[in-house]
There are 4 protein chains.
Amino acid sequence: MYFASDNSGPMHPAVAQAMMAADAGFQPSYGIDPIMDDVRAQIRGIFEAPEAAVYLVATGTAANALALGTLTQPWQTVFCTPLSHINVDECHAPEFYTGGAKLSLVGTADKMSAAELRARIEDWTRGDVHTSQRGPVQITQVTEMGRIYTLEELHALTSVAREYGLPTYLDGARFANALVTLDCTPADMTWKAGIDALSLGGTKNGCAGVEAVIFFDPAHAWEFELRRKRGAHLFSKHRYLSAQMRGYLEGGTWLEAASAANSNAARLAAGLRDVPDLEFVEVPEANMIFASLPRHRHDHLHVGGAVYRLLGDREGAADERVTMRLVCDWSITHGLIDDFLALARG
Amino acid sequence: MYFASDNSGPMHPAVAQAMMAADAGFQPSYGIDPIMDDVRAQIRGIFEAPEAAVYLVATGTAANALALGTLTQPWQTVFCTPLSHINVDECHAPEFYTGGAKLSLVGTADKMSAAELRARIEDWTRGDVHTSQRGPVQITQVTEMGRIYTLEELHALTSVAREYGLPTYLDGARFANALVTLDCTPADMTWKAGIDALSLGGTKNGCAGVEAVIFFDPAHAWEFELRRKRGAHLFSKHRYLSAQMRGYLEGGTWLEAASAANSNAARLAAGLRDVPDLEFVEVPEANMIFASLPRHRHDHLHVGGAVYRLLGDREGAADERVTMRLVCDWSITHGLIDDFLALARG
Amino acid sequence: MYFASDNSGPMHPAVAQAMMAADAGFQPSYGIDPIMDDVRAQIRGIFEAPEAAVYLVATGTAANALALGTLTQPWQTVFCTPLSHINVDECHAPEFYTGGAKLSLVGTADKMSAAELRARIEDWTRGDVHTSQRGPVQITQVTEMGRIYTLEELHALTSVAREYGLPTYLDGARFANALVTLDCTPADMTWKAGIDALSLGGTKNGCAGVEAVIFFDPAHAWEFELRRKRGAHLFSKHRYLSAQMRGYLEGGTWLEAASAANSNAARLAAGLRDVPDLEFVEVPEANMIFASLPRHRHDHLHVGGAVYRLLGDREGAADERVTMRLVCDWSITHGLIDDFLALARG
Amino acid sequence: MYFASDNSGPMHPAVAQAMMAADAGFQPSYGIDPIMDDVRAQIRGIFEAPEAAVYLVATGTAANALALGTLTQPWQTVFCTPLSHINVDECHAPEFYTGGAKLSLVGTADKMSAAELRARIEDWTRGDVHTSQRGPVQITQVTEMGRIYTLEELHALTSVAREYGLPTYLDGARFANALVTLDCTPADMTWKAGIDALSLGGTKNGCAGVEAVIFFDPAHAWEFELRRKRGAHLFSKHRYLSAQMRGYLEGGTWLEAASAANSNAARLAAGLRDVPDLEFVEVPEANMIFASLPRHRHDHLHVGGAVYRLLGDREGAADERVTMRLVCDWSITHGLIDDFLALARG
């Protein structure tokens, strides 16, 4: 009963097979393997973006930090939400890779609104040499609290950014989960919605460790390559990244895995509605559930073998409410979900 | 006939199997997987260093840059040879990860001598606030030209470093190949020879992408962990790094693979002695061969399907001499070596 | 009628004379001039801190950024208020000099409370490798809105910092103005109140451009010297910094100038109480006044030749209220103040 | 008898007077003072460069580091000589301000030749993502050993740079001394010779602490302003920098002071020709003299009260030869020079 994270499960079999299939003979190193040529073509096709610059790295933080480094000057600020991964979970990787840029926090919640974004940008209007200069807008889709921006919401945010001449970057660590929920095309959720660059996550959705970075404007390509090497993120045996991504995309494995993860979460959420004293903190929209319950119920689950995170994991009274985060990946079985629900109701 | 690099071949079967064996069920993320506990214990045992801090990253450049970042202040200089990987092949990753440290080049050749090291250190003796401050000594074993420092040579270098209070770091991308040549223990070649920290390479010797960073003084542990995360090099599905390293070390696979690579190179070198007009630039000591030959012979090999690098790959006259670099990994077959030799002699 | 800033006026005659007195003959460069020996002794005496490390730089931003760089690791966060100079007015100098540290904003106002500080520190309690690590607490005295922390308030803040093992840094660009208001000793307002390091501003109080950086723990001395040189802030003709500071401190010029500035502001504030429709945003406590008034009154002052800043300098309706910032230095004459008041009342 | 450095003397009276003349009343801060408008116009006129971007900073290291930061990407290398100030005397300020660029050392001597420059650039021709990328060429005029590049030599260097598309930066800490020797116009020695940007030193030639940074292409202006502020080098009371530079340039004071310094050095050199056992290391071309002599003669001078630097200041035998560096500024009197010569001959 492991709901701690979607980075705890195994590879999807199609990904593992692709990796093993690539594990024979000699191949050119450092990203010029023929498999990467396939991957680039795949991604350009999927995104209807024949000119896009496409690169692979092994971690989501690398994707975010390198992409933002490419889009941000050291004296600029990145606009993001307080809960964004780049602000909370990357130990200053964005600050490091941008050479000391700042993160300016938009709104107070997990999702930013266009009005909040505009207000925060206007906050920095002095435009003189003393203050932080305006930089990229960073949007996380699926958000850290499991929420999803609609296409209209994305469009509203990118319109504000465009108005101020700022580029937009989408942290797509759970890109596929969002796509499945919105039931739209990758192009719809990115460049057609005004997004300039994104990460396309593989790691949380069935890969061992691979994320694509995509710039719709290929002018960034060479600088990104230099930044990736300088950041020590260029793999010599790059084929093992390429192969994962090929296996992930080929035949729609990525969407199939995300569908499975989302529907696992839906099954879990449906069952949780019957658990006494449990309340959803956010309406689950993808593969994450945030719900509060009395601590004694949590203790019961914990003792029963359920593994998941509490937000603010502190000691407290038995009747105090705590918030749990449950994440489903594609590999969780219905059996485990049902066991968890039985335990929760018990 | 692929002799371009030891980062072009496949995984050793034992490594691939270990990776696949780890590919099931849920595991804690970010380096606290139980496999990593095994790896840490393995490495501490192999190095007779029960207190050592042990970490895994996916690239050799990450290992070098993060380790040097931990050992170097931004106003210090790293002492290394002009041909060292950190100087020539890492696109300023060391400068980036140290926050702007300098590399001070020792000697003019591939290997540094203790006298050259001392002279270079003395060069910076002013000790005032204006100049670069003295920092770590970086030693590459096997060197970029395929040479090996004897234990005596290592000891002489670390003695000079110690005299000036400077730490020593060993770039061990080909650590196993050197160990096989020297026929000594890992402890002999490291802390018993005065080395403070090292990378233990896996990628060039049968892994997909994994290097261990080892500090004999565990005081560096927490800072290294922060630097690794900030550098975006902490894997969420860390088990896939751990598993590679476990498969690599278990049962001596790493030494077996390095022996195979070295003896492949020896077989190749022996055969090359009969090739007309060919001269060895360096006496081959591990798994790399540098030899010069007339350009028309190179053209003949190239047309015949042999793949390898030329140093300074420029156009020129047919009788001009060029230098080729031939690298053998464990996976090259005797058949391919013999085919190459036949072609070279033809 | 120039109330734009206390960095717009001339040197105090005592400072100018000291500078000119030093302008003869040869002197050792780079901070080892004999005048600096005097300055060091003066400051150690004034602060009752015979061991303190004392350095001079030419700008307040240099003092802040270099001192914070010395006290902060790149993966740590500095706790400060949203309006602090380091957050709003230094174009990422703190991020640059710390190698990418973050600023964590405490509270919503100009002054932070101990409770707000504790809450913000607790926010980052996860203590794992993913999040920002806790770093120094930065306190501005006089604050950017002209307010002053009492000794009790300072003590409460530093007690919280100490509880978490965090160092405290005081941005003392207007140190003398605060000292005059609190009528206490420099030691009272610093190390006796738990402050570890500070800047002692000269520029805004009668110098041309000089600030002292003081560490009560001299262990930071050599690192600071290296950081100052690396930041290009070590003056070759350092005597011209030393001389300013000597003239500033000698005979109590610094306190006399700050008293004059504060009492100029008090006179101005007293007169403003009679201006119709004017309201103080903050009770003036040192040499700055923030007051709101209808835009048409501002326009009247502006046309009449008064020079000062508006917060959020935008177009608007004549009856909309705007907030003006009036700053007095020691050199403003009573005549100019009275002229301004006459204009304001007219 | 102070010949230690040209940063040890006082201000030229014309500079001191200009500074004092500016020390009255209120002036806008942060570089928009009217005196700066004059200075900008003066410099544009003197350099026949009506579009040039012109800025002031207080130290030569700041000028070099900020200008190179503007011209260099973090993954590029700066080409300079081993003895250059940026390599030897700036404690990694260039590395810091460029975000980790490398310095590639050209030649082995104090002056680089066009052939050496070309060879060093070609060394880095691989052009792949692994190695350092080519960046600006940095030329020091007067060199650290007191030598001067002729206009032909400058032109030859910039032609090589241009061929490779690399910008050129001139460290002009002693610009005026070189100009006097070459007897050419500032335009001749800069943009007409192919120089893209330079520092125009004031500090070593009669100012207290001011250097101009000049970009002939104004496209760099705004980035430089942001970098200057972020580096904490923007003076609030900027008028005191402007006033120094105005006093320095007005009426040709800068050239007059440099002429005096150079002719002081010529007088000293002429006299030294009669000193037994003394040999010039370099033919003196501006205001610096390097000469070797037996240690006992140095000891004699030292005991007699002469102050200057030895290169490599170590203990040794009385008849061992040591090299002394003698620097003259404008303020050394003929009397002191003659006293020194008498002592040297005695």
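The values are calculated or read from the model by the stated rules, or taken from the named source; none is laboratory data. Nothing here was measured: the structure is a model prediction, and the numbers come from that model. Cβ atoms come from the backbone with ideal geometry, glycine included; neighbour counts cover every protein chain shown. Heavy atoms of the whole protein, side chains included, go into the accessibility calculation; ligands, DNA and RNA do not. Shrake-Rupley method; radii C 1.70, N 1.55, O 1.52, S 1.80 Å.
Calculate what fraction, in whole %, of the accessible area of chain D sits on carbon and sulfur atoms when a 1.4 Å probe is rolled over the protein chains. It would help to have the intermediate numbers written out before the result.
Details: 5820 of 11070 Å².
Exposed carbon and sulfur together represent 53 percent of the surface.
Does region B:186-278 come out rounded, prolate or oblate by the C-alpha gyration tensor, with a ≥ b ≥ c the root eigenvalues, rounded set by a/c under 1.5 and, if not, prolate when a/b is larger than b/c and oblate if not? The shape class here is prolate. Listed peptides D:270-282, B:169-181, B:109-121 appear in the order B:169-181, B:109-121, D:270-282 once ranked by packing, highest mean of other Cβ atoms within 10 Å at the front.
Springs between Cα atoms under 10 Å define the GNM used for chain B, and in it the highest mean-square fluctuation of B:Val39, B:Val213, B:Val283 occurs at B:Val283. Excluding same-chain neighbours fewer than eight residues apart, the lysines reachable from A:Lys237 by a Cα-Cα span under 26 Å are A:Lys204, A:Lys229, B:Lys204, B:Lys229, B:Lys237. When Rg and the Kirkwood Rh are both derived from Cα coordinates, the Rg/Rh ratio for region B:1-65 amounts to 1.02.
Take each complete run of DSSP H in chain D, measure how far its Cα atoms stretch along the helix's own axis, and keep only those covering 24 Å or more with mean Kyte-Doolittle hydropathy at least -1.0; list them. Could you put the intermediate results ahead of the total?
Working: long enough: D:253-272 (28 Å, 0.36).
Answer set is D:253-272.
Build a GNM of chain D with springs between Cα atoms under 10 Å apart, and of D:Lys229, D:Lys204, D:Lys192 the one that fluctuates most is D:Lys229. Scalar couplings 3J(HN,Hα) for region C:97-108, obtained by applying the Karplus form with A = 6.51, B = -1.76, C = 1.60 to θ = phi - 60°, are 6, 8, x, x, 5, 10, 10, 9, 7, 9, x, 10 Hz; x denotes Gly and Pro.
Taken across both chains, chains D and C shield about 4100 Å² of accessible surface from a 1.4 Å probe.
Computed from backbone phi, the HN-Hα couplings of region C:73-78 come to 7, x, 9, 9, 10, 9 Hz, rounded to whole numbers (Karplus: 6.51 cos²θ - 1.76 cosθ + 1.60, θ = phi - 60°; Gly and Pro given as x).
Dividing the Cα radius of gyration by the Kirkwood radius, what Rg/Rh value follows for region D:304-346? Each step should come with its number before you reach the end.
On the way: Rg = 12.3 Å, Rh = 12.1 Å.
Expressed as Rg/Rh, it is 1.01.
With a 1.4 Å probe and all protein chains left in place, how much accessible area per residue does region B:84-194 have, in Å²?
Computed with neighbouring chains in place, this is 30 Å² per residue.
Charges were assigned to the Cβ only: +1 to each Lys and Arg, -1 to each Asp and Glu. The resulting dipole of the protein assembly as shown about its Cα centre is roughly 0 debye.
Let me check I've understood the local charge: for C:Thr98, count other residues with C-beta under 14 angstrom from its C-beta, Lys and Arg +1, Asp and Glu -1. What total comes out?
Around C:Thr98, the charge tally is +3.
Note on region D:71-139: Rg/Rh from Cα positions, Kirkwood definition for Rh, rounded to two decimals, is 0.95.
Using only the alpha carbon atoms of region B:131-290, find the Kirkwood hydrodynamic radius as the inverse mean reciprocal pair distance, in angstroms to one decimal. Please list the in-between numbers first.
Values: mean 1/r = 0.0580 Å⁻¹.
Mean inverse Cα-Cα distance, inverted, gives 17.2 Å.
Once you sort the root eigenvalues of the Cα gyration tensor of region B:257-346 as a ≥ b ≥ c, which label holds: rounded (a/c under 1.5), prolate (a/b larger than b/c) or oblate (the other case)? It comes out prolate by the Cα gyration axes.
Entry note, chain A: relative contact order of 25 percent, from Cα contacts under 8 Å with a spacing of 6+ residues. With a cut-off of 13 Å between beta carbons, the residues surrounding B:His220 carry a summed charge of -3, where Lys and Arg count +1 and Asp and Glu -1.
DSSP assigns beta bridges within the protein assembly as shown; of those with both partners inside it, close to 60 percent run antiparallel.
The dipole here belongs to region C:60-170: it is taken about the Cα centre, uses +1 on the Cβ of Lys and Arg and -1 on the Cβ of Asp and Glu, and is about 180 debye. Where the alpha-carbon atoms of chain C are placed on the principal axes, they occupy 59, 58, 33 Å, in descending order.
In this structure the amide hydrogen of C:Ile332, modeled in the peptide plane, comes within under 5 Å of no amide hydrogen from residues 5 or more places off or on another chain.
Comparing mean-square fluctuations of B:Gly209, B:Gly99, B:Gly201 from a GNM of chain B with C-alpha springs under 10 Å, the top value falls on B:Gly99. By the helix-only formula, in which each DSSP H run with n ≥ 4 contributes -39500 (n - 2.57) and the sum is divided by residues, chain A has a 222 nm mean residue ellipticity of -12000 deg cm²/dmol. Considering every alpha-carbon pair of region B:9-120, the percent of pairs per 5 Å bin, from zero through the bin containing the longest distance, is 2, 10, 13, 15, 16, 14, 14, 8, 5, 2, 1, 0.
About its Cα centre, the dipole of region A:234-346 is roughly 440 debye, where the only charges are +1 on Lys and Arg Cβ and -1 on Asp and Glu Cβ. Between the listed residues B:Pro10, B:Met20, B:Ile43, the Cα displaced farthest toward the positive end of the dipole of region B:1-71, a dipole computed from Cβ unit charges relative to the Cα centre, is found at B:Pro10. Counting charges near A:Tyr248 (Lys, Arg +1; Asp, Glu -1) among other residues having Cβ under 13 Å from its Cβ returns a value of -2. Would you jot down the residues in region C:63-104 that end up with at least 40 Å² less accessible area in the complete protein assembly than in the chain alone, with a 1.4 Å probe? By number: C:Trp75, C:Asn87, C:Val88, C:Asp89, C:Cys91, C:His92, C:Glu95, C:Phe96, C:Gly100, C:Lys102. With the biggest extent put first, the Cα atoms of region D:101-172 measure 38, 20, 19 Å across the principal axes. Ranked from largest, the principal axis spans of the Cα set of the protein assembly as shown equal 86, 84, 53 Å. Residues of region C:226-251 that bury at least 40 Å² of accessible area once all protein chains are present, compared with their chain alone (1.4 Å probe, heavy atoms only, ligands and nucleic acids left out), are C:Leu226, C:Lys229, C:Arg230, C:Ala232, C:Phe235, C:Lys237, C:Tyr240.
What shape does region B:142-231 have by the C-alpha gyration tensor, where a ≥ b ≥ c are the square roots of the eigenvalues, rounded means a/c under 1.5, and otherwise prolate means a/b greater than b/c and oblate the rest?
On the way: a/c = 2.08, a/b = 1.09, b/c = 1.90.
It is oblate, given that a/c is not under 1.5 and a/b is not larger than b/c.
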